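Taken together, the values in this text are just the output of simple stated rules run on the coordinates, not laboratory data. It should be emphasised that the depicted structure is a prediction, and the values quoted were computed from it without experimental measurement. A quick note on method: Cβ atoms are made from the backbone with ideal geometry, for glycine too, and the neighbour counts reach across all protein chains shown.
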Amino acid sequence: MASQVEELKSKANAAFSAGKNDEAISLYSQAIGLDENNHVLYSNRSAAYAKGSKYDEALKDAEKCIALKPEFAKGYSRKGAALSFLKRYDDAIKTYEEGLKIDPSNQQMLTDLENARRDAAGPAAGGMNFFSDPQFLAQLMTNPKARELMNDPETAMLMKMMQQQPNNPALLSNPKLMKLLGCVLGFELGDESDLSSKMETDSKASSVKKEPTTTASKPTTNPTTSTAKPTEQSKNMTPEQSPAEAEKEKGNEAYKKKDFETALAHYNKATELDPINMTYYTNRAAVYFEQKQWDNCMKECEKAIEVGRENKADYKLIAKAYARMANVRTQEKDYAGALKYYNHSLSEHRNPEVLKKKQEIEKVLKDQEQLAYINPALAEEEKAKGNEYFQKADYPTALKHYSEAIKRNPSDAKLYSNRAACYTKLMEFRLALKDSEEGIRLDPTFLKCYLRKGHALAAMKDLGQAMAAFGKALEIDPNCQEAIEGYRQCSVKSSDDPEEVRKRAANDPEIQQILSDPGMRLILEQMQNEPQALRDHLRNPAIAQKIQKLIDAGIIGIRHG
């Protein structure tokens, strides 16, 4: 009987390893029929069910495994995995914690527990992350407009970020993501380049009215339909305002058709009829902007702001006029002037799009300032001074000169390497790491920066990443003794530190993928309980490659002899 059970289990294991999941489940079931108290069989079948997306069955088998042998830690790992697949993260966390009481150093369960906690802390309670919902994603892919939007690299990147950070407020309000959402949910958001972003069609907000009802926004309507059914606002218009609005609507229609001269004529007529409405001035400014008549655009905006201030117009309209003036200065490459008007606009109303433009201008100005300061000859003088003080062990003064050298020549990788060495002497390892990485970015073949990076990471106890940095140095110079010694020291320290092994696994996406595969979990368990099974699995090239990856990372060890 026992030999028959072992034979069925071996065949099932082989089928599972070969990806024949249904066959493996059948063979495990036959073995269970002969030995229904064998906890390992239930554990193995649970893994097979999980791999086949039969999570309820996987959970039942895992619970049966635990009931048969409560001290068997792998049973808790199986149960936790099934619960996680069922998105019952709180129950999965409790299960992993129970299993770790039995086997506190179980690397797989420690990693799975971290993942379960991270998933449990994902979307807020009661909320829904549409961008992680398979049905929503399928609708996106079949929606022509949505597919067109996703061709934009920024939109694709934002969508990926939303999947990872579903509660990020900045992402939740991003107009590109909202537009993508609207394609599927059936609502439309105005395009950033719409007429409304260049022209204020809400003329009521800019006029002085005695009745409270006239301060509300008036939606833009087609002139032919707006007269058919008078709104409450139109009833409250003065005899001058009604025809002025009609002229403005005609101007808007001409503007949309890019018939700017006709649009200008209608806006001029609207201003004659209602000279205290600042919208008509800003609409004229929009026309001048399209015609690249920058001086006329600026004058119209200034007049609009003057009229708006006198008549207590909505602060948002004042802000838009200032923003248009900033846009003009940007077109003229007067970035200091643009920054001034963007600041004026934001002081009236904090519009996210205007804030973004202001930040872009600030970056341009900063880049210009840095470019004007660059002087490689002076950078060399500062580096020489830094080297001199470094040799005297006066590291703060050396740091000052290296920093000045970097300002004078920010594209020289050697300067970042020198400053990284200085930061290391001052025990500022994170800053040393940052400078090393910048040096590598500037010159990926510069050996010293990899050495600096390795030493900084080793000092920060991140031995896995330190070994990777020393490994890169050895790719550049296989005979570099400093890299060889650094790698050896990190390897010795990390091999005795289970926490470092677990940390390295958590930071490597490829290792995470291998460890989360139910098939690989079963294979690793077999390697632990049945060392002779390793030879069979190594015959499969794909399995052998994954096992070698885990060996190289120190996740598993192979005993010789």
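Give the calculated FRET efficiency between Gln331 and Arg441 to the nearest 0.05, with a Förster radius of 30 Å applied to their Cβ-Cβ distance.
0.35
So between Lys392 and Glu530, what do we pick up on full extension, going 0.36 nm a residue minus the alpha carbon distance?
Full extension from Lys392 to Glu530 adds 43.6 nm.
With label points built 7 Å along Cα→Cβ from the Cα atoms of Gln293 and Asp90, find their separation and express it in nm.
Reported label-point gap for Gln293 and Asp90 is 6.7 nm.
I need the calculated FRET efficiency for the pair Gln4 and Ser53, taking r as the beta carbon distance and R₀ as 22 Å, to the nearest 0.05.
0.15
Can you pull a Stokes-Einstein diffusion coefficient for the stretch 1-121 at 4 °C (1.567 mPa s), Rh from Kirkwood over Cα pairs, as a whole number of µm²/s?
Taking Rh from Cα pairs, D becomes 90 µm²/s.
What is the distance, in nm, between label points placed 7 Å from the Cα along the Cα-to-Cβ direction at Ala372 and at Lys145?
The answer from the label model is 4.7 nm.
I need the calculated FRET efficiency for the pair Glu97 and Met427, taking r as the beta carbon distance and R₀ as 35 Å, to the nearest 0.05.
According to the calculation, E is roughly 0.40.
May I ask for log10 I(q)/I(0) of the stretch 344-456 at q = 0.10, 0.15, 0.20 Å⁻¹, from a Debye sum over the Cα atoms as equal point scatterers with solvent left out?
Once normalised to I(0) and log-transformed, intensities are -0.39, -0.69, -0.97.
Taking 7 Å along the Cα-to-C-beta vector as the label spot, tell me the Glu154-Lys356 distance in nanometres, rounded to one decimal.
Here the modelled spin labels are 0.5 nm apart.
In Å, what Kirkwood hydrodynamic radius results for the stretch 276-362 from the alpha-carbon pair distances?
12.5 Å
Per residue of the stretch 444-461, what does 6.51 cos²θ - 1.76 cosθ + 1.60 with θ = phi - 60° give for ³J(HN,Hα)? Whole Hz please, x for Gly and Pro, Karplus curve as stated.
Result, ordered by residue: x, 9, 7, 4, 4, 5, 5, 5, 4, 4, x, 5, 5, 5, 5, 5, 8, 6 Hz.
What list of ³J(HN,Hα) values in whole Hz, one per residue of the stretch 364-378 in order, does the Karplus curve 6.51 cos²θ - 1.76 cosθ + 1.60 (θ = phi - 60°) give from phi, with Gly and Pro shown as x?
In residue order, the calculated couplings are 4, 5, 5, 4, 5, 5, 5, 5, 5, 8, 5, 7, x, 5, 5 Hz.
Filter the trypsin sites (Lys or Arg not before Pro) in the stretch 300-382 down to the DSSP loop ones having no more than 15 other Cβ atoms within 10 Å, then list what survives.
Passing both the DSSP loop test and the Cβ count: Lys312, Lys333, Arg350.
Which of the pairs Lys257/Lys356; Lys54/Lys94; Lys256/Lys356; Lys320/Lys356 have their Cα atoms more than 18 Å apart in this structure?
Flagged as over cut-off: Lys257/Lys356; Lys54/Lys94; Lys256/Lys356.
Quick one: what are the phi-derived ³J(HN,Hα) couplings along the stretch 390-407, Karplus 6.51/-1.76/1.60 with θ = phi - 60°, whole Hz, x for glycine and proline?
Once θ is set to phi - 60°, the couplings for the stretch 390-407 become 5, 5, 8, 6, 8, 5, x, 5, 4, 4, 4, 6, 5, 5, 5, 4, 5, 4 Hz.
What chymotrypsin sites (Phe, Trp or Tyr not before Pro) does the stretch 271-303 have in DSSP loop regions with at most 10 other beta carbons within 10 Å?
Those that pass, being in a loop and sparsely packed, number zero.
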